[in-house]
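The values are calculated or read from the model by the stated rules, or taken from the named source; none is laboratory data. This one's a predicted model, so the numbers in the text were calculated from it and none came from an experiment. Neighbour counts are summed over all protein chains in view; Cβ atoms, including those assigned to glycine, are modelled from backbone coordinates with ideal geometry.
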Amino acid sequence: MTIHTVRALNDNYCYLISNAGVAAVVDPSEAAPISTALRERGLKLGLILNTHHHHDHVGGNLELAQEWDCPIYCSEADFSRVPGATRAMKDAESFEFAGLHFSVLAIPGHTAGQIAYHIGDALFVGDTVFEMGCGRLFEGTAQQMFDSLSRIQDLPSETRLYFGHEYTETNARFAAEVEPSNSAAIHRRLNQVRDDLRARGVASAPTLAEERLVNPFFRAPTLEDFTRLRTARNSFS
């Protein structure tokens, strides 16, 4: 299995998961960068996976499905809102694609139907978690997001997180402000991400163990602490 990161729109990350010349794409914001990346790597697109219904994660669905004649999976809660959706996925459901085993993890909060796709040691979290941050609460509640972050943290420590956006700079400034005693670790991570962005154009996918060291939302011990952080982050710029 190989994971290729594709940048799209202003700050979106899309992912190609490939094996034996066939790929699935996670959250295609727009079609053109995905088709270009597929052709550059000699891959055929066989499946589209959406973590949630927001346009910047599904905008390329219909064009890609038409070009590559492939199905589109999303959560059952989003089925009527995801363009071209062909299969509704439930929490803990699993499926096989290109010789790879995928499982679904429901992680509502950012939206009511947000899901993650888990394969091997990789977890594609959409807009639930970001480098040193977490998603806004558009449809879900603070309790749902807190519980979803807890579910993610229950996975093995070596699990790598693949985020939906590049928000590291702002998130690092916020993390250092709310946890000044942890600023050295936060700035080490920020410098690592900057180096990766300069070298490859994409940030490295941190492990859960690495993210726990610097993400204040992972480090919030109670719902009250999480809610206070989420409120503060909403007004931070």
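If the condition is being part of a strand (DSSP E or B) and of a type outside the set (D, E, K, R), then region 141-187 contributes Leu161, Tyr162, Phe163, His165.
Restricting attention to region 159-168, does a residue exist that is touching a residue at least 24 places away in the same chain (Cβ under 8 Å) and within 18 Å of Ala232 (Cα to Cα)? Within region 159-168 (the criterion being touching a residue at least 24 places away in the same chain (Cβ under 8 Å) and within 18 Å of Ala232 (Cα to Cα)), the answer is yes, since at least one residue qualifies. Remark: Ala88 falls outside the filter, which requires a residue to be surrounded by 22 or more Cβ atoms within 10 Å (Cβ to Cβ), at pLDDT 95 or above and among the small types (Gly, Ala, Ser).
Scanning region 1-54 for residues that are farther than 18 Å from His118 by Cβ, out of contact with any Gly (no Cβ under 7 Å at 6 or more places or on another chain) and hydroxyl-bearing (Ser, Thr, Tyr) gives Ser35, Thr36. With respect to the conditions (1) assigned to a strand (DSSP E or B); (2) more than 19 Å from the chain's Cα centre (by Cα), Ser103 falls short on a single one, namely (2).
For region 166-187, the set of residues classified as over 22 Å from Thr5 (Cβ atoms) and not hydrophobic (A, V, I, L, M, F, W, C) consists of Arg173, Glu177, Glu179, Pro180, Ser181, Asn182, Ser183, His187, listed by residue number. Considering region 136-154 alone, what residues qualify as being of a type in the set (Gly, Ala, Ser) and either farther than 23 Å from Ser103 by Cβ or without any contact (Cβ under 8 Å) to a residue 24 or more places away in the chain (or both)? If the condition is that a residue be of a type in the set (Gly, Ala, Ser) and either farther than 23 Å from Ser103 by Cβ or without any contact (Cβ under 8 Å) to a residue 24 or more places away in the chain (or both), then Ala142, Ser150 are the ones that fit. Restricting to region 194-221, give me the number of residues that are out of contact with any Cys (no Cβ under 8 Å at 6 or more places or on another chain) and part of a loop (DSSP other than H, G, I, E, B). Result for region 194-221: 10. Can you find, within region 9-26, the residue that is nearest to Tyr162 (Cα to Cα) among those that are free of Cβ contacts under 8 Å to residues at least 40 places away in the same chain and either surrounded by fewer than 22 Cβ atoms within 10 Å (Cβ to Cβ) or acidic (Asp, Glu) (or both)? Restricting to residues being free of Cβ contacts under 8 Å to residues at least 40 places away in the same chain and either surrounded by fewer than 22 Cβ atoms within 10 Å (Cβ to Cβ) or acidic (Asp, Glu) (or both), the top hit is Leu16.
The rows are residues; the columns are (1) surrounded by 15 or more Cβ atoms within 10 Å (Cβ to Cβ); (2) under 18 Å from the mean Cα position of the chain (by Cα); (3) of a type in the set (D, E, K, R).
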site	(1), (2), (3)
Phe174	yes, no, no
Glu179	yes, no, yes
Asp195	no, no, yes
Ala205	yes, yes, no
Arg219	yes, no, yes
Asn234	no, no, no
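Within region 117-135, is there a residue that is of a type in the set (A, V, I, L, M), in a loop (DSSP other than H, G, I, E, B) and out of contact with any strand residue (DSSP E or B) (no Cβ under 9 Å at 6 or more places or on another chain)? Among the residues of region 117-135, at least one is of a type in the set (A, V, I, L, M), in a loop (DSSP other than H, G, I, E, B) and out of contact with any strand residue (DSSP E or B) (no Cβ under 9 Å at 6 or more places or on another chain), which makes the answer yes. Here Arg39 does not fit the description of being basic (Lys, Arg) and touching a Pro at 6+ places or on another chain (Cβ under 7 Å). Summed over region 184-204, the residues that are at pLDDT 95 or above and small (Gly, Ala, Ser) give a count of 2.
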